[in-house]
Structures are given as C-alpha cells and as structure tokens.
Amino acid sequence: MNHQGLILETSTDSSVIAVLKNGKVNEHVFLENKRQLSNDTFKAIIDFFPDPSSIDFVCTGIGPGSYTGSRVAVTIAKSLCYSLNIPLITFSSLKAFTPDISGSFFILLDAKIDGIFVLEGKKEGPSASFKGPYLSKIDQFIQKNMQNPTILCSCETEILKKKIDHNNARWMSLKPNIDFLSHYLWGKWLNKKFTNLDDLEILYLRGS
C-alpha cells in the first residue's frame, strides 16, 4: 500500500518542504526567502498536494533555530494533523543537516549571544545516532571537543567560522540532507513513533 507524508523544516535559513513517499523523497523545494516563508510554505504544500486528504502523515522540524521560523512549520503541521486526523512525526531540526559520511560529527547552529546549538552525531551506513541537541557556550565547546580534528556541519559555516576559529575544525557547509531525512523519517513512520498533538512544543533551548 502506498503511503505519503509531508516534511516541513523551516527553523533555519535553509528551509525545505518535501514529499516522502514509500521511503523516498520524490519532490522537494528549498525555501531561501525568510520574509515570505509562510506564503512560500503554503504554496509548496498546495503544489505538492492539490488534494490535502492524500497526506497520510506530517513530519515537522521543531527547532532549535529561529523561533519564528520553527513556529511556521509547527503551526501548519499541527493544523493539518488536527483537520485531517493524521499522525504527526517530529524531529530536531539539526538532524536535517546530517552529513553523508561515516563516523562522528557535530551539527552546529548559531544561537547568537547565547552561544551555539549543538547536536552530536555518529553515522554508520544510512543510520545515525545522536546526543542532544543542547545549548553551549563557544569556549566550552572548543575546550571539550576540539582537541583533535573534528567535523563540524552547519548551514551557517561562514558565520560560525568566525566564532570557532580553530585549526582542528573541519567544516562542512550543508543544506538539508534529503536522503537522510527520508530514511530517518520513514523509519519513524513504520515504527509508529508519533507525537501527541497536545504535547507538541518548539525546541527553544535559549538561555534565561
């Protein structure tokens, strides 16, 4: 039986809307204009699903990242799931930037004056394990993790290179990894790892 889901990830400046069908993403669009994010997201959904009732489930990134950006995807996802009575799958937005490499890595996002958002990962084949995400001060992150050559992944490498200026940094500038997201989210769908709509919250992680 064919099943298809909608993927929404709008927490960063590299947003993506995609169709996940039978384990693979067969359509997607990257959205770069943050000022038109809500309108562009709705337009992409309508283009991909002229008949919304054909959506079997919705996957949404919940942050960390831009609170306003995260709220766009989360609000749309929640509304669709309520109105269509379909399951919701959530994921940390940082997982969208999982690299196509084997071994350990860090996914980073600028948290402005609060430091950086960090997701630790280790990839083996198509699967990956994660620790976090969490908020870290930059000096603490460097002291703890930069003693050896370290792979740092981000959609904001030019910004973060100025903050983490270290000889052991091995930077990877990435857009959302469609292949990884399709594998990861399809697995959650098959294993029925759904989020209760009443428990849905944005992963803010900001300091007080």
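Tabulated data
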quantity: The one condition in (1) at positive phi; (2) touching an Asp or Glu at 6+ places or on another chain (Cβ under 7 Å) that residue 112 fails to fulfil; calculated: (2)
quantity: Hits in the stretch 89-129 (condition: more than 16 Å from residue 172 (Cα to Cα) and of a type in the set (Asp, Glu)); calculated: 114, 124
quantity: Residue among 121, 125, 187 that alone is surrounded by 18 or more Cβ atoms within 10 Å (Cβ to Cβ), of a type outside the set (A, V, I, L, M, F, W, C) and within 30 Å of residue 57 (Cβ to Cβ); calculated: 121
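Each row is one residue, and each column tells you yes or no for (1) under 19 Å from residue 61 (Cβ atoms); (2) surrounded by 17 or more Cβ atoms within 10 Å (Cβ to Cβ).
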| position | (1), (2) |
| --- | --- |
| 80 | yes, yes |
| 94 | yes, yes |
| 102 | no, no |
| 165 | no, no |
| 169 | no, yes |
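Coordinate-derived values only; no laboratory data. Worth saying up front: this structure is predicted, and the values here are computed from it rather than measured. Heads up, the Cβs are rebuilt from the backbone with ideal geometry, glycines too, and the neighbour counts pull from every protein chain shown.
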